[in-house]
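Working notes, beginning with the structure itself.
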Number of protein chains: 2
Amino acid sequence: MMEPLSSDPVVDQLSLKERLVASCSVDSLLGCFPILTWLPRYNLEWLKMDLLAGLTVGLTVVPQGLAYAEVAGLPVQYGLYSAFMGCFVYCVFGTSKDVTLGPTAIMSLLCSFYIGGDPVYAVLLTLLCGIIQTGMALLRLGFLLDFISYPVIKGFTCAAAVTIGFGQVKNILGLKGIPQQFIPQVYYTFHRIPEARVGDVILGLLCLLFLVMMTMMKNTLGSLEENPSLLVRVARGLVWSFATIRNALVVIAATCVAYSTELAGSHFFTLTGKTTKGLPHFSPPAFSETTANGTSVSFSDIVLDLGGGLAVIPLMGVLESIAIAKAFGSQNNYRINANQELFAIGLTNILGSFVSAYPVTGSFGRTAVNSQTGVCTPAGGIVTGVVVVLSLAFLMPLFYYIPKASLAAVIICAVAPMVDYRVLPQIWRVRRLDLLPFLVTFLVSFWEVQYGIVGGVAVSGLMLLYLVARPELKISDHGVIVMELGSGLHFPAIEHLCGVLRSHALHVSPARCVVLDCHHVSSIDYTVVNELKDLLKQFKLHNVSLVFMGLKPSVLEVLLAAELPGFKHRDSIEAGLQAASSNSHYD
Amino acid sequence: MMEPLSSDPVVDQLSLKERLVASCSVDSLLGCFPILTWLPRYNLEWLKMDLLAGLTVGLTVVPQGLAYAEVAGLPVQYGLYSAFMGCFVYCVFGTSKDVTLGPTAIMSLLCSFYIGGDPVYAVLLTLLCGIIQTGMALLRLGFLLDFISYPVIKGFTCAAAVTIGFGQVKNILGLKGIPQQFIPQVYYTFHRIPEARVGDVILGLLCLLFLVMMTMMKNTLGSLEENPSLLVRVARGLVWSFATIRNALVVIAATCVAYSTELAGSHFFTLTGKTTKGLPHFSPPAFSETTANGTSVSFSDIVLDLGGGLAVIPLMGVLESIAIAKAFGSQNNYRINANQELFAIGLTNILGSFVSAYPVTGSFGRTAVNSQTGVCTPAGGIVTGVVVVLSLAFLMPLFYYIPKASLAAVIICAVAPMVDYRVLPQIWRVRRLDLLPFLVTFLVSFWEVQYGIVGGVAVSGLMLLYLVARPELKISDHGVIVMELGSGLHFPAIEHLCGVLRSHALHVSPARCVVLDCHHVSSIDYTVVNELKDLLKQFKLHNVSLVFMGLKPSVLEVLLAAELPGFKHRDSIEAGLQAASSNSHYD
């Protein structure tokens, strides 16, 4: 059964070329429409589960959408405008059954920095963001996301959760005119606590209490498996249902209370206020704008104003969505395709811009709801989309009465679980150095949330490059010096390697021969070859030899083609030592 | 003599910590003053050679300095202001006997983009550049230069040589008001050839002819070694001397011709024009400026105007100088210290700003002259510095009459050898992919010379990261799947690795066991550990096992600390195969 190792039959050796070829195959073309993989097998059982899940997610996304539009600094209806296109598009193009696209807390926060509360900017940003994401998908740039390491994602998520959660405290307190930047926001929120409105505070805290209780009740459900009596089953079913649609319940209840007090003529609560009625028109986004004071802002001006947002928003949108898809794919044991996900989000944003959406991405919370409710295919999204469209068509006038404090409570409870304390001791135990990108991301995010992730990626990239630039060198003495390269040899490392070799072999008296053990070297570049040529010359000048050992055939071929003067290679360290010592005696 | 390999006595295993400790040792402190290593051994023979070399370089740097100031868009005397401080400073702090600091073609071209012909900007840029370089030296950031690969350096040098050389054609033609950007410059230079001034063209071409002839004569000198008669020796000595001071000869002769025609009342040639007389004052640079029309420009305004130059100029200065020092160190077999070189250049620029210098760096041409003339220690620089100072003190009024065409000829001949055609076939033979950073650097440099090197570094960095992100995976079948990682395992690669493992082992029916051969893996990070945990869970779900093989002790320790569920490790592939297959049968 076990074949000899020296003649391993190489079944699959993935190279860039082969993957390019693979990407053009029929399989891959079919992969562009993942709906084709599940639609032919669709059945009634799946339909039942998808209906239930889609409805539940729909009841979650309506209040969340309204709340997140508030975070983005837009009128609340924009939250719903953004919430349905993704459901339909993802159903056709998505590769995960669980992911639901739509407005999210982090994305709304990011958008708020770039759009300045202006819907024209928001919708144009959606279009551009979609074009960029689709372009990235077509250029197969999904691999770029691999460079965002886990500590960076965690640092960013924690900081964003704190920023978003704290940003809603002002709504619970009923305060207005608090700055958006985190530090001044914290200062002014606390400073102005005496101005808090009693009605908002009481309502907000009650909503929070209800949401926390429902969450806790739901979390304890799983651990009571031993009682299968009907009554208990019904009770548990009720708790589960209430807990699942808790966001909708809270918002509906709070709105009823607010509506009755308003009818009674008292203004206890800060309300959402005027909203536009009905569905958005299907029309291309405006490419210019005339401001209130009559000046017109051209397309290029808007693009300049959006600036860095055109890089941050598309990337973050993709990152968030793919991270979620990966997490649930891993949990439910299916594979997602990063480039296809990228394409689905890009298309959602492009089409979304025609219905006045602001940029969307995958929502962690709603994806979790979807998965837990037992969704079977992305078709569940269609139900969710229909719920949102119906809300827009018939419920908009009622949204006037939604108290802001209740939406704030929904957001705070949604982002709280994103602050994950356990990650710190975990990183500490595994690799302390990885705390650096985590902390950089976390802390810089409080300054400007979008710089946090950039800083973290830069730090982890530099740490990676440092490893490449300074491979471990093990030097041992066997009569001649034997130096083992601990990893690959790329251009940033060659200068260092040559320096160490010179100081150990040439700048000592008498000069020493060296065997360079390269069995970890998997590829070689022109800079390395060039410096090795110089190094070999210097060894020749000192009349000692430098023998290479354990080069892979591909690397050996390159070095032979470069015609290095005095180049010697041996397959084993013994042969290398022999070649080195014979040279020093007889050459 | 040969010890058993399994118990290698590890003599030296360079880690970051040890190098930090080493950098604090006494040796290292003495290393800050390299003059101490050669001054005690100084002797008469060295003095003779240093005097000759210093004088020769001095006669080269005076005309070159005047010409390069022209390239930088500054009055010609600034070329000489910049040419002497480096000679004195480098004598004390430099680690190469050959390198001469001063104005160079590339640096002058780069400066011209940022200083806009304003000496106040130039001198302040010198100070800031010096501070940044010294800071980099103190922070030991010299290693950053390792990330500039050879193809990038070559691409940049070729493009800069073409840009600089062509930029002087307008002076040979006697044209004025030609734009600085390369593309329009080429267009307008050719477009306006009919306006060329006959005097300038004739003088320029004659100067070029003389310089080319002298260079060719000097190049053929080396190959005639068989005739030792006195007459031939004297003749060859004369040719060598004339060839070495050819730049000075050309400029002196052209100036004499121009002076006589001017005295005769005819204005045949475009002259250098008014220069400031005498030595510059030793005073700190001005930190603000009042422009001709009376508006004052503050320090922060100047810094904002300099902008990217504050990154490009210091880095390029260091890069150019260290590249040259490395080249001659390799040729003449001595070691240079990147951080110490960085410090010497930084200090030269800081002190240079007190004598109105613009940013300097190592000059390839003059360093070559220095080396070929047989300089023995950096003391030769003192002689060069004295020559420059004397020229400033006594010859400045004569500089008025230097024809611009003669300086242009000097520059064109100085940069022409920098265009190295042979590098293209060399790269092609060794690694074709390395042509990409070369071409990116070369082509982008014509758009904006400073972006060329940035683009090239970015491209080669991305190529490097791609190698890290997509290690070679060799898959073979021994009953269970054996996957060999071709190189290290860092966070950008883990997603890809897990994907390949899943598709080969889990998404097949029946699921297969895997032995993962990690003997090339030298370190591991948190993201990798985290994804491996997920992967192990999925293997467990499919009731197959994933066995790790050949982990280094340090990596194994980390994985054990992370308490991965179902983690198994074996030392040999046979043991791994056994562990994997036993699990699938009995677990």
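The values are calculated or read from the model by the stated rules, or taken from the named source; none is laboratory data. These numbers were taken from a predicted model, which means no experiment stands behind them. Counting neighbours? That spans all protein chains shown, and the Cβs are built from the backbone with ideal geometry, glycine included. Side chains are part of the model used for accessible areas, which takes the heavy atoms of the whole protein and leaves out ligands, DNA and RNA. Shrake-Rupley method; radii C 1.70, N 1.55, O 1.52, S 1.80 Å.
What the table shows:
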read-out: Restricting region B:70-100 to residues that are more than 23 Å from the chain's Cα centre (by Cα) and open to solvent by 20 Å² or more (accessible area, probe 1.4 Å), the residue that is nearest to B:Lys170 (Cα to Cα); value: B:Pro75
read-out: Extreme residue, farthest from the chain's Cα centre (by Cα), among residues of region B:553-576 that are farther than 15 Å from B:His519 by Cα and open to solvent by less than 20 Å² (accessible area, probe 1.4 Å); value: B:Leu564
read-out: Which numbered condition A:Ser509 misses (of (1) over 43 Å from the mean Cα position of the chain (by Cα); (2) at the interface with chain B (Cβ under 10 Å from one of its Cβ atoms); (3) open to solvent by 10 Å² or more (accessible area, probe 1.4 Å)); value: (2)
read-out: Qualifying residue in region A:365-385 (condition: closer than 30 Å to A:Gly455 by Cα and either in contact with a Gly (Cβ under 9 Å, 6 or more places away or on another chain) or not in a helix (DSSP H, G or I) (or both)); value: yes
read-out: The listed residue being buried (at least 18 other Cβ atoms within 10 Å of the Cβ), at negative phi and within 19 Å of the chain's Cα centre (by Cα), out of A:Asp434, A:Asp420; value: A:Asp434
read-out: Condition check for A:Ile202: open to solvent by 10 Å² or more (accessible area, probe 1.4 Å), of a type in the set (A, V, I, L, M, F, W, C) and at pLDDT below 90; value: no
read-out: Number of positions in region A:563-578 that are touching a Lys or Arg at 6+ places or on another chain (Cβ under 7 Å) and free of Cβ contacts under 8 Å to residues at least 60 places away in the same chain; value: 3
read-out: Flag if B:Val515 is more than 9 Å from chain A (Cβ to nearest Cβ), under 27 Å from A:Leu485 (Cβ atoms) and touching a Leu at 6+ places or on another chain (Cβ under 8 Å); value: yes
read-out: So A:Ile336, is it touching a Gly at 6+ places or on another chain (Cβ under 8 Å), surrounded by 17 or more Cβ atoms within 10 Å (Cβ to Cβ) and assigned to a loop (DSSP other than H, G, I, E, B); value: yes
read-out: Residues of region B:437-453 classified as surrounded by fewer than 19 Cβ atoms within 10 Å (Cβ to Cβ) and among the aliphatic types (A, V, I, L, M), total; value: 2
read-out: Every residue from region A:466-487 that is open to solvent by 10 Å² or more (accessible area, probe 1.4 Å) and facing chain B (nearest Cβ under 7 Å); value: A:Leu467, A:Val468, A:Glu472, A:Lys474, A:Asp477, A:Gly479, A:Ser487
read-out: Condition met for A:Leu342 (open to solvent by less than 30 Å² (accessible area, probe 1.4 Å) and part of a helix (DSSP H, G or I)); value: yes
read-out: Among residues of region B:515-552, those that are under 19 Å from A:Ile427 (Cα atoms) and open to solvent by 20 Å² or more (accessible area, probe 1.4 Å), counted; value: 6
read-out: Single match in B:Ala67, B:Ala53 (criterion: within 22 Å of B:Cys207 (Cα to Cα), in contact (Cβ under 8 Å) with a residue 60 or more places away in the chain and part of a helix (DSSP H, G or I)); value: B:Ala67
read-out: Residues of region A:488-506 satisfying the condition of being over 27 Å from B:Val468 (Cβ atoms), small (Gly, Ala, Ser) and open to solvent by less than 20 Å² (accessible area, probe 1.4 Å); value: A:Ala505
read-out: Check on A:Ala258, in a helix (DSSP H, G or I), over 21 Å from A:Phe84 (Cα atoms) and open to solvent by less than 30 Å² (accessible area, probe 1.4 Å); value: yes
read-out: When residues of region B:118-145 are limited to those that are of a type outside the set (D, E, K, R) and within 14 Å of another protein chain (Cβ to nearest Cβ), the one nearest to B:Pro284 (Cα to Cα); value: B:Leu139
read-out: Number of the condition not met by A:Gly117 [criteria: (1) out of contact with any Ser or Thr (no Cβ under 9 Å at 6 or more places or on another chain); (2) of a type in the set (Gly, Ala, Ser); (3) open to solvent by less than 10 Å² (accessible area, probe 1.4 Å)]; value: (3)
read-out: Condition met for B:Asp305 (among the charged types (D, E, K, R), within 14 Å of B:Ile115 (Cα to Cα), without any contact (Cβ under 8 Å) to a residue 24 or more places away in the chain and open to solvent by 40 Å² or more (accessible area, probe 1.4 Å)); value: no
read-out: Lone qualifier among A:Leu205, A:Leu211, A:Leu175 - being part of a loop (DSSP other than H, G, I, E, B) and either within 17 Å of A:Pro403 (Cβ to Cβ) or touching a residue at least 40 places away in the same chain (Cβ under 8 Å) (or both); value: A:Leu175
read-out: Subset of region B:386-405 [of a type outside the set (S, T, N, Q), in a helix (DSSP H, G or I) and open to solvent by less than 30 Å² (accessible area, probe 1.4 Å)]; value: B:Val387, B:Val388, B:Leu392, B:Met396, B:Phe399, B:Ala405
read-out: Enumeration of residues in region B:441-462 that are farther than 19 Å from B:Glu495 by Cβ and within 14 Å of another protein chain (Cβ to nearest Cβ); value: B:Thr441, B:Gly456, B:Val457, B:Ala458, B:Val459, B:Ser460, B:Gly461
read-out: Filtered residue count, region A:147-183, keeping only those that are buried (at least 21 other Cβ atoms within 10 Å of the Cβ), within 14 Å of chain B (Cβ to nearest Cβ) and of a type outside the set (Val, Ile, Thr); value: 6
read-out: Test: residue in region B:313-325 that is surrounded by fewer than 20 Cβ atoms within 10 Å (Cβ to Cβ) and in contact (Cβ under 8 Å) with a residue 40 or more places away in the chain; value: yes
read-out: Which listed residue is among the small types (Gly, Ala, Ser) and closer than 30 Å to A:Ala368 by Cα, from A:Ala264, A:Ala286, A:Ala292, A:Ala311; value: A:Ala311
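Residue-wise test of (1) at pLDDT 90 or above; (2) within 23 Å of A:Asp534 (Cα to Cα); (3) under 23 Å from the mean Cα position of the chain (by Cα).
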{"residue": "B:Phe287", "(1), (2), (3)": "no, no, no"}
{"residue": "B:Asp301", "(1), (2), (3)": "no, no, no"}
{"residue": "B:Val312", "(1), (2), (3)": "no, no, yes"}
{"residue": "B:Lys326", "(1), (2), (3)": "no, yes, yes"}
{"residue": "B:Asn339", "(1), (2), (3)": "no, yes, yes"}
{"residue": "B:Ile345", "(1), (2), (3)": "yes, no, yes"}
{"residue": "B:Ser356", "(1), (2), (3)": "yes, no, no"}
{"residue": "B:Ala379", "(1), (2), (3)": "yes, no, no"}
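So that you can scan it fast, the table gives a plain yes or no per residue for (1) more than 11 Å from chain B (Cβ to nearest Cβ); (2) among the hydroxyl-bearing types (Ser, Thr, Tyr); (3) assigned to a loop (DSSP other than H, G, I, E, B):
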site	(1), (2), (3)
A:Ala505	yes, no, no
A:Ile524	no, no, yes
A:Val528	no, no, no
A:Lys537	no, no, no
A:Phe548	yes, no, no
A:Leu559	no, no, no
A:Glu563	no, no, yes
